[in-house]
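Structure first, commentary second.
The values are calculated or read from the model by the stated rules, or taken from the named source; none is laboratory data. The structure displayed is predicted, hence computed values, not measured ones. Cβ atoms come from the backbone with ideal geometry, glycine included; neighbour counts cover every protein chain shown. Surface areas here come from the heavy atoms of the whole protein model, side chains and all, with no ligands, DNA or RNA. Shrake-Rupley method; radii C 1.70, N 1.55, O 1.52, S 1.80 Å.
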Amino acid sequence: MHGMYLVLLLWGVALFAIRRDLSLSWTEPCLRHPVMVFEGDDWGYGPLEQVDALREIAAELAGHRDLTGRHPVMTLGVILAGPGAAATPDEALGVARVALDDVRLKPVRDAMAQGVSAGVFDLQLHGMEHYHPEVLARAAQVDPQVRAWIAGAPFVATEQLPSPLQSRWIDASTLPSRALDEADIRTRVTAEVAMFGKCFGTLPEVVVPPTFVWNECVERAWAAQGLAVLVTPGERYEMRGADGLPVDTGICLRNGQRCTSGLLAMVRNDYFEPLRGHRAGHGLESLATKWAQRRPLLLETHRSNFVGATAQRAESIRAIGALVSAALRSQPELRFLTVAELARHYAQGGDLIDRRPWTRTMALLHRLDRPGRRRKIFAGLAVLTLVAAVAALATAT
């Protein structure tokens, strides 16, 4: 009997250790149907070959429908500006700007708008630039590769910049990064929201922080400009360390969670990067896992799969079609929504939300059953519980 008490004590300690995760997993709403969204980033400013890529992606998505008649959606995280051609090297170090409202980029805007009208694209704010202009200028003064990248403007691919410099909301000109001035953040957020409205005739509802590095000051600025939904990786990174990698803050986020800024968090929870080998099999496995957890599948993907020197556009677009077709076969109740629509269901408790206690209990078990040390600990506790129960029965008889 003492062994059973010890096991119960160990269970209590283990549950206490994960009490925060347990609470967040329980309070995160459950879905009534599986949902899948392609979350595309880095579209907008950049090489003009993206026009054909956007049209071909839209055509592929338009060839599929769910039971409600909706097409699968790829959200487009829009970059609104980038470096322009400068007259002199000194101007190049000042990083002249070309914005998405430039007449030369009208075909890009038109391809995006056509996809939105067809119900296969939805536009999200990614940022004015995929960098901080003053930070980039400082880096260019000491880094010849950055200077060479700027000299290739206009319409260079921001994906080619060093990863730390692609983080717009920190100063990563030296590492570890430093925080930006709050007034600078507010000014830049105001400008990028206004430019989005100028380019598309509507203000953004959803924002995706470049490289998922941001802080609460940035969140408050977005909320003040009318943004409602924040796409996250499930946690918040606020700086880059000496190694250039994002630093874990321990701030975890869940679908439907209301941030202190007022923004509603949504979580990207897997990748669809055909260049890295992500194919239908990977997507189907992830869809099954997320559906068991009663969570949506938000697949992060990037323009670099479809545009650029290393892109494999035709193969990547075929991979989209293969995944969608296989997903509809494996999950006939699959729903296609935009992230903004999905967020409204979470916020308003729409009919997509399943409140049944049994559903929530089973979803909780699947949410907590993650690979790693935790699974091993609970598996060991389950074995100890069984052994202790058998020993108690044997003693009783």
Task: Residue, farthest from Tyr131 (Cα to Cα), within region 171-203, restricted to residues that are in a loop (DSSP other than H, G, I, E, B) and of a type in the set (S, T, N, Q) - done: Thr202
Task: Residue check for Ala292: of a type in the set (Gly, Ala, Ser), touching a residue at least 60 places away in the same chain (Cβ under 8 Å) and either at positive phi or buried (at least 23 other Cβ atoms within 10 Å of the Cβ) (or both) - done: no
Task: Within region 132-148, considering residues that are in contact (Cβ under 8 Å) with a residue 40 or more places away in the chain and open to solvent by less than 50 Å² (accessible area, probe 1.4 Å), the one farthest from Thr232 (Cα to Cα) - done: Ala140
Open item on the list: Step by step: first the residues of region 213-272, then only those that are more than 28 Å from Leu323 (Cβ to Cβ) and among the β-branched types (Val, Ile, Thr), then the one that is most open to solvent (accessible area, probe 1.4 Å). Which residue is that?
Closed with: Thr260
Open item on the list: Any residue at all in region 87-97 that's crowded, with 17+ Cβ neighbours inside 10 Å and either closer than 20 Å to Arg303 by Cα or modelled with pLDDT of 95 or more (or both)?
Closed with: no
Open item on the list: Criterion first (of a type in the set (Phe, Trp, Tyr), in a helix (DSSP H, G or I) and modelled with pLDDT under 95) does Trp222 satisfy it?
Closed with: no
TODO: Report, ordered by the first and then the second residue, all pairs with beta carbons closer than 6 Å, sequence separation of six or more or different chains, a first member in region 58-69 that is at negative phi, and a second member that is hydrophobic (A, V, I, L, M, F, W, C) and open to solvent by less than 30 Å² (accessible area, probe 1.4 Å).
DONE: Ala58/Val120; Glu60/Ile317; Glu60/Ile320; Leu61/Val120; Ala62/Val120; His64/Val324; Asp66/Leu334; Asp66/Phe336
TODO: Could you grab me the full set of residues in region 160-191 that are surrounded by fewer than 19 Cβ atoms within 10 Å (Cβ to Cβ) and touching a Lys or Arg at 6+ places or on another chain (Cβ under 7 Å)?
DONE: Leu175, Pro176
TODO: Those residues that are buried (at least 22 other Cβ atoms within 10 Å of the Cβ) and in a helix (DSSP H, G or I), I need them from region 32-52; list them, please.
DONE: Gln50
